[in-house]
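Data block below; observations after.
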Amino acid sequence: MKLDLIGPTVGLAAALTGSVANAALIDFSAMQLNGGATVNGGVLNVGTNGGADMSAFITTPISTTSSFSGSFEFTLTNNGSPFNADGVAFVIQNSADGARALGAGGGGLGADGISNMVGIGFQSYTNNRATIFTTATTPTGGTGSNGNFSLGSNASDDVTVTFSYSSVRDALSFTAHNSATGQRVTQSYGVDLTTLGSSVYLGLSGGTGGYHSEQDFTSFNVTVAPEPSTWAMLIIGFGGLGALAYRARRGAVSAA
């Protein structure tokens with residue numbers, strides 16, 4: 001199924017492993033890396049030492065009238081700091097900087113300060129939570145506190161996140177599971193992405209402050225569904241094919 005993209009498809013095609021029509025696995029090395037983010041051995045690093053703010057975005061935006069879903073996995077590993085800090089985020093944005101957008105470090109998770117943005121943040125220092133946030137609420141504030149999602153106090157965390165956005169229901173949802181603790185958290189937030197503009201960039205970010213940790217993304221998958229109007233055209237098209245097949249069968253019976 002063809003991805004519904006805005007503008008040239010070269011950027012996303014390069015970021016996807018396999019064909020544009022079927023693939024969803026993002027190649028980190030084909031993303032726009034900002035603030036010192038690095039890719040090594042297929043792993044995206046968005047924080048090692050203190051005082052870092054990093055991000056990486058797919059270089060081709062997607063239409064905000066489309067629905068999309070996906071997943072990513074990240075690890076936080078203690079590298080000598082008293083606490084693992086500060087965390088990472090999944091970012092959806094339409095700032096003037098495009099794929100080069102970069103927010104503040106520390107509790108800003110490399111996302112705070114990016115305009116026209118909504119994201120899913122994972123705070124690993126003091127807040128210890130996962131939450132959906134916006135440009136107005138910031139990663140530290142969030143749209144709703146999801147406490148008891150322990151991050152940062154463990155020697156290492158391995159978190160798998162699935163996410164989805166429905167352009168029909170205007171809702172962003174996610175489920176996160178930390179295999180280090182067995183904890184799971186789910187949240188949904190009503191948001192109409194068309195209020196951000198006609199298209200958005202999808203990406204990942206991270207930030208560290210006085211404390212730090214090794215913050216790595218090990219996988220990132222995105223699948224974009226056709227717009228509602230495209231579904232309508234497909235349904236009409238399939239209906240037309242069905243009618244033609246029916247007429248062909250009737251003609252064959254009459255001839256017999």
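Odds and ends about this structure:
- Residues in region 26-61 that a label on ARG100 would reach, taking backbone N under 12 Å of a point 7 Å out along Cα→Cβ: 33-35
- Label-point separation in nm, ALA155 to THR77, each point 7 Å along Cα→Cβ: 1.2
- Summarising the label geometry, the points placed 7 Å from Cα in the beta-carbon direction at SER188 and SER115 lie 3.3 nm from one another.
- Derived scalar couplings ³J(HN,Hα) [region 69-74; Karplus, 6.51 cos²θ - 1.76 cosθ + 1.60; whole Hz; x for Gly, Pro]: 8, x, 7, 8, 10, 9
- Average 1/r across all pairs of distinct alpha carbons in region 10-225, invert it, and you get the Kirkwood radius: 16.6 Å.
Quick note: the coordinates plus some simple rules give every number you see, no bench work behind them. As the structure is a prediction and not an experimental result, all values here were calculated from the model. Neighbour counts run over all protein chains shown; Cβ positions are idealised from the backbone, glycine included.
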